[in-house]
Amino acid sequence: MEPKRIVFSTATPNDQGGIIPNEVIRFDRFLKNPVILKGHDWEGLMLGKMTDIRLEDNAWTGVPVFHRLTAESREYDDLYQAGFLKACSIGGLSQWKSDRRGKPELDKDGLKLCTGFDLYEVSMVSLPSNPDAVLGS
């Protein structure tokens, strides 16, 4: 059985009023510890790790591997495998295009443009900020 891939980032406008272009995401820190968290809980235990990371069809995708060593990880894995948990979100440090006063500059559509994003983690969430950060078909 083919493992289930999930989209974790695209250049689709998010509900925070911005766009994170695919090419500005930096993976240096993340690849040393490719953790999957529960809802950006940086203080909690990890649920697993993201594997087989690829840029395909203008989307960053990966295969989540849940460690299943805790009840919470088993629950998230079961929900993911059953197709009920099907969204994720990226967390890290972002830099946004801004004017000389530090106010974000907006593009023609009124969106903030990310100029750099240091990826720290991918979180499993019920509602992603990026509407395309979901389980692939």
Subject >> Failed item in (1) under 19 Å from SER129 (Cα atoms); (2) among the hydrophobic types (A, V, I, L, M, F, W, C); (3) modelled with pLDDT of 95 or more, with LEU113 passing the rest >> reply: (3)
Original post:
How many residues, within the stretch 58-97, are in a loop (DSSP other than H, G, I, E, B) and over 18 Å from TRP42 (Cα atoms)?
Top reply: 9
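Quick grid of which residues meet (1) modelled with pLDDT under 95; (2) of a type in the set (Ser, Thr, Tyr); (3) within 20 Å of GLY116 (Cβ to Cβ):
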position	(1), (2), (3)
PRO3	yes, no, no
ALA11	no, no, yes
GLY17	yes, no, yes
VAL24	no, no, yes
TRP60	no, no, yes
PHE66	no, no, no
TYR80	no, yes, no
LEU93	no, no, yes
Original post:
Do you know which residues across the stretch 52-97 are in contact (Cβ under 8 Å) with a residue 40 or more places away in the chain and either hydroxyl-bearing (Ser, Thr, Tyr) or touching a helix residue (DSSP H, G or I) at 6+ places or on another chain (Cβ under 6 Å) (or both)?
Top reply: THR61, TYR76, TYR80, LEU85, SER89, SER94
**OP:** Any chance you could count how many residues in the stretch 98-127 are farther than 23 Å from ASP52 by Cα, touching a helix residue (DSSP H, G or I) at 6+ places or on another chain (Cβ under 7 Å) and either not polar (S, T, N, Q) or not in a strand (DSSP E or B) (or both)?
**Re:** 1
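Taking THR51, is it polar (S, T, N, Q), open to solvent by less than 50 Å² (accessible area, probe 1.4 Å) and touching a strand residue (DSSP E or B) at 6+ places or on another chain (Cβ under 8 Å)? Walk me through how you get there before you give the answer.
Numbers: polar (S, T, N, Q): yes; open to solvent by less than 50 Å² (accessible area, probe 1.4 Å): yes; touching a strand residue (DSSP E or B) at 6+ places or on another chain (Cβ under 8 Å): yes.
Yes, satisfied.
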Original post:
When PRO104 is evaluated against the numbered criteria (1) more than 15 Å from the chain's Cα centre (by Cα); (2) farther than 19 Å from THR10 by Cβ; (3) modelled with pLDDT of 95 or more; (4) open to solvent by 50 Å² or more (accessible area, probe 1.4 Å), which criterion, by number, is the only one it fails?
Top reply: (3)
Original post:
Take the residues of the stretch 1-45 that are of a type outside the set (A, V, I, L, M, F, W, C) and in a strand (DSSP E or B): which is nearest to GLU75 (Cα to Cα)?
Top reply: LYS38
Original post:
Applying the selection to the stretch 30-39, what residues are within 19 Å of GLY116 (Cα to Cα) and buried (at least 16 other Cβ atoms within 10 Å of the Cβ)?
Top reply: PHE30, PRO34
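To keep it simple, each residue is scored yes or no on (1) within 11 Å of the chain's Cα centre (by Cα); (2) exposed (fewer than 12 other Cβ atoms within 10 Å of the Cβ).
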site: ASN22; (1), (2): no, no
site: ASP28; (1), (2): no, yes
site: TRP42; (1), (2): no, yes
site: LEU47; (1), (2): no, no
site: GLU56; (1), (2): no, yes
site: ALA59; (1), (2): yes, no
Original post:
Within the stretch 64-86, is there a residue that is touching a Pro at 6+ places or on another chain (Cβ under 6 Å) and not charged (D, E, K, R)?
Top reply: no
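The values are calculated or read from the model by the stated rules, or taken from the named source; none is laboratory data. Since this is a predicted model, take the numbers as computed values, not measurements. Note that we place each Cβ from the backbone using ideal geometry, even for glycine, and neighbour counts take in every protein chain shown. Remember, those area values only see protein heavy atoms, side chains included, never the ligands or the DNA or RNA. Shrake-Rupley method; radii C 1.70, N 1.55, O 1.52, S 1.80 Å.
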